[in-house]
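Report on the following structure.
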Amino acid sequence: MQPKLNVLVVGSGAREHAIVSKVLGSSRVRDVYVAPGNAGTAMIARNLRVQADDIEGLHRAALENHIDLTIVGPENTLAAGIVDRFRGTNFRIFGPSQAAARIESSKAFAREVMSRAGVPHAKGEAFSDVGQARAYLQQHGAPVAVKADGLAAGKGVVVALTMDQALAALDDAMVRRSFGNAGNTVVIEDFLEGPEVSLLAFSDGKRVVPMAPATDYKRAYDADQGPNTGGMGAYSPPPFFRPDQVVWVHQHVLQPVIDELAQQGTPYVGILYAGLMLTRDGIKVIEFNCRFGDPETQVILPRLQTDLVDIAEACIDGRLDTLTVQWSADPCVGVVMTSGGYPGPYETGYPITGLDELDDGVRVYHAGTEGVSLRENSGISRLFAQDLPALPLDQQLSGSVQTSGGRVLTVVASGPTVEAARALVYRNLKRIDFAGAHYRTDVGLPPTEPIGELPDAPLQLPPGA
Ligand code: AMP
Ligand code: GLY
């Protein structure tokens, strides 16, 4: 029998709660730790008081807790080089090296890789001189996409409909330096239109295996109105993205990028997330991420039937070909509940009610939540499982959780159809409440935009597809 593993999950969102839940379902696992986690992960695993960007702290935590496998949620931690640090001391960690993570941490780098690999993406150019960038914009005209090159917590992309907006976005990044060094270089891209699909994939550095596709909802309000957010919901699979299109993306996007990175000497191990747009001119890449998506993960992982720990280990060992990754046919819908006002200013500290009144099979993944200890006599204290054994679930769930962030919960359900899953989610969402709670009501509805077709390209099935 193989020895049981201690697993560390890095991050504190609903994505990480979903990863922890999946890891706990593995027969290979002994203890699961989360750094720093949230009230939801504290109920099922052991939260550690280490922030997700504290690489030395995480390294110490891995040593102290005899961690055998680390899975990283946030891009910042990967871009800061946690994988290189851990591997350098023989810790097994699932994610790309700092150099390979540039596929997300530098949009200019991602464009270079795509150009070399012949992967379809928006036309555009990168600039580190604001004068040249302005001249290019003036000549290009609007609409246009203006993107800070580096990591900007999802705020670095402006789709400018007018030249004034485009110039303001450029100044914001390059002159006002709103994103710090992330705006040293700016990418200006043609404006593309069409429905979006996230196709995440597992890679062992040589091979790449697509996951079930998903669509996320970035705008704050129904019908894609309002400001961009960290994600208001997702569902999997989007019915308009066909299996032959998954195969096409595998062959024309994912595998060429993995091959190109291997050839450059920066093999990509981990999750490769392709943000795709189905344009009238074919499928194009909008962005790559170097990690699990949020909130896509909350609707993808519940559908995963193969052991996630086995997959992560196979990727680390470069033997992804020895596994078959299987998915449940049942669609999954997830809706994010946010604090009122998010993504602008919002208040926290409100008790969350109704979490114990949900139908069987409905999952709640926590993000901006904190547990309030029921055992402390001296007022309220934040619950960390490190100090306090996790409370029984029923106690935890009965009014002992309060809001502590913008995105608070992702509520997820599966069903035989998207419509059935959607109905179940929304029926249960009505039972959950906290002061100022907001959510979109249209997650899982069909897109209103026209759907692009595949370009004329030979469709050869890759081995194993
Ligand atoms: P990103 O941060 O790269 O995911 O971009 C955020 C969002 O901006 C994407 O999900 C798209 O909706 C939009 N976007 C990015 N690039 C373009 C583009 N070239 N044309 C139109 N919309 C874009
Ligand atoms: N859902 C978009 C992201 O994770 O970046």
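Read-outs: derived from the displayed coordinates by stated rules, not from any lab. Model, not experiment: these values are computed from the prediction. Because the Cβ atoms are built from the backbone with ideal geometry, glycine has one as well, and the counts that use them run over all protein chains shown.
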*With Rg and the Kirkwood Rh both taken from Cα atoms, where does Rg over Rh land for region 114-202?*
0.98
*Quick one: which residues, 5+ away or cross-chain, put their amide H under 5 Å from the amide H of residue 291? H built at 1.01 Å from N.*
273
*What trypsin sites (Lys or Arg not before Pro) does region 72-132 have in DSSP loop regions with at most 14 other beta carbons within 10 Å?*
123
_Amide H contacts under 5 Å for residue 34, placed H, 5+ residues apart_ = 9, 46, 47, 48
*Can you tell me the equivalent ellipsoid semi-axes for region 295-347? Use √(5λ) from the Cα gyration tensor, largest first, whole Å.*
34, 15, 6
_Long-range HN-HN contacts of residue 369 with modeled amide H, under 5 Å_ = 39, 404
*Radius of gyration and Dmax over the Cα atoms of region 206-288, both given in Å*: 14.6, 44
*For a footprinting-style exposure proxy, rank 410, 266 by other Cβ within 10 Å, fewest first.*
266, 410
_For a quick check: sort 297, 215 by the number of other beta carbons within 10 angstrom, fewest at the front._
215, 297
*Go through region 434-440 residue by residue and turn each phi into a ³J(HN,Hα) via Karplus (6.51, -1.76, 1.60, θ = phi - 60°); whole Hz please, and just put x for glycine and proline.*
7, 4, x, 4, 9, 8, 7
*If you plug each phi of region 209-218 into the Karplus form 6.51 cos²θ - 1.76 cosθ + 1.60 with θ = phi - 60°, what whole-Hz ³J(HN,Hα) values come out, in order, with x for Gly and Pro?*
10, x, 8, 5, x, 8, 10, 10, 10, 8
*Would you tally the net charge around residue 275, using a Cβ to Cβ cut-off of less than 11 Å, leaving residue 275 out, and scoring K and R as +1, D and E as -1?*
-3
*Treating the angle as unsigned and between 0 and 90°, give the value, to the nearest 10°, between the Cα long axis of helix 130-140 and the longest Cα principal axis of the chain.*
70 degrees
_Radius of gyration and Dmax over the Cα atoms of region 1-83, both given in Å_ = 11.7, 36
*Mind listing the phi-derived Karplus ³J(HN,Hα) values for region 196-203, rounded to whole Hz, using 6.51, -1.76 and 1.60 with θ = phi - 60°, and x for any glycine or proline?*
10, 9, 9, 10, 8, 8, 8, 9
_About the Cα centre, charge dipole magnitude for the chain (Lys/Arg +1, Asp/Glu -1 at Cβ), debye_ = 540 debye
_At 222 nm, what value in deg cm²/dmol follows for the chain if DSSP H runs of at least 4 each add -39500 (n - 2.57) and the sum is divided by all its residues, to the nearest 500?_
-7500 deg cm²/dmol
_Kirkwood hydrodynamic radius (C-alpha pairs) into Stokes-Einstein, region 229-273, 4 °C and 1.567 mPa s, D in µm²/s_ = 102 µm²/s
*Over the residues of the chain, compute the C-alpha Rg and express it relative to 2.2 N^0.38 Å.*
0.95
